[in-house]
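The values are calculated or read from the model by the stated rules, or taken from the named source; none is laboratory data. The shown structure was predicted, so the numbers you read here are calculated from the model rather than taken from an experiment. Every residue, glycine as well, gets a Cβ built from its backbone with ideal geometry; the counts of neighbours run over all protein chains shown. The accessibility values were calculated without ligands, DNA or RNA, using every heavy atom of the protein model including side chains. Shrake-Rupley method; radii C 1.70, N 1.55, O 1.52, S 1.80 Å.
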Amino acid sequence: TDKEFCVLNAHVDTEMTTSTSTTAAEDQCYDKQRLEQLIVAHGGIVTQNAMLASTDYLIAERRTTKVQNIIDSDTCMWNIMRPLWIVDCVQKQRLMPLAPIY
């Protein structure tokens, strides 16, 4: 994929999730750096600052001040997905639908 991602914050422990796509053999922790590495390894582009013209997806586990400021901005055009979406997309080898889990 040539999609651009901005990982704002992340911590996924697949052992603690209820996602049906993870199995006991795949239980792992994913932090911001690890998710960014997964994105790049699967053809995505990572940016540290979301840009309206180029960023396709925002990823955030927690609603920090930065995340809330993006949500509250007049120009926010993104859905903000949970980091588990990245893990599930990689495991399924495709972009997963955003609803209802992420």
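When the criteria are applied in full, C76 meets the requirement of being open to solvent by less than 50 Å² (accessible area, probe 1.4 Å) and over 10 Å from the mean Cα position of the chain (by Cα). Would you point out the residue of the range 52-102, among those that are touching a Cys at 6+ places or on another chain (Cβ under 9 Å) and β-branched (V, I, T), that is nearest to D2 (Cα to Cα)? Ranking the qualifying residues of the range 52-102, first place goes to T55. Considering each of R34, R62 in turn, give the residue that is among the basic types (K, R), open to solvent by 100 Å² or more (accessible area, probe 1.4 Å) and either modelled with pLDDT of 90 or more or assigned to a loop (DSSP other than H, G, I, E, B) (or both). Answer to the check: R62. Pairs linking a residue in the range 38-67 that is more than 19 Å from H11 (Cα to Cα) to a residue that is among the aliphatic types (A, V, I, L, M) and open to solvent by 80 Å² or more (accessible area, probe 1.4 Å), with Cβ atoms under 8 Å and 6 or more positions apart or on different chains, are L52/M77. In the set (1) modelled with pLDDT under 90; (2) open to solvent by 40 Å² or more (accessible area, probe 1.4 Å), the condition left unmet by A10 is number (2).
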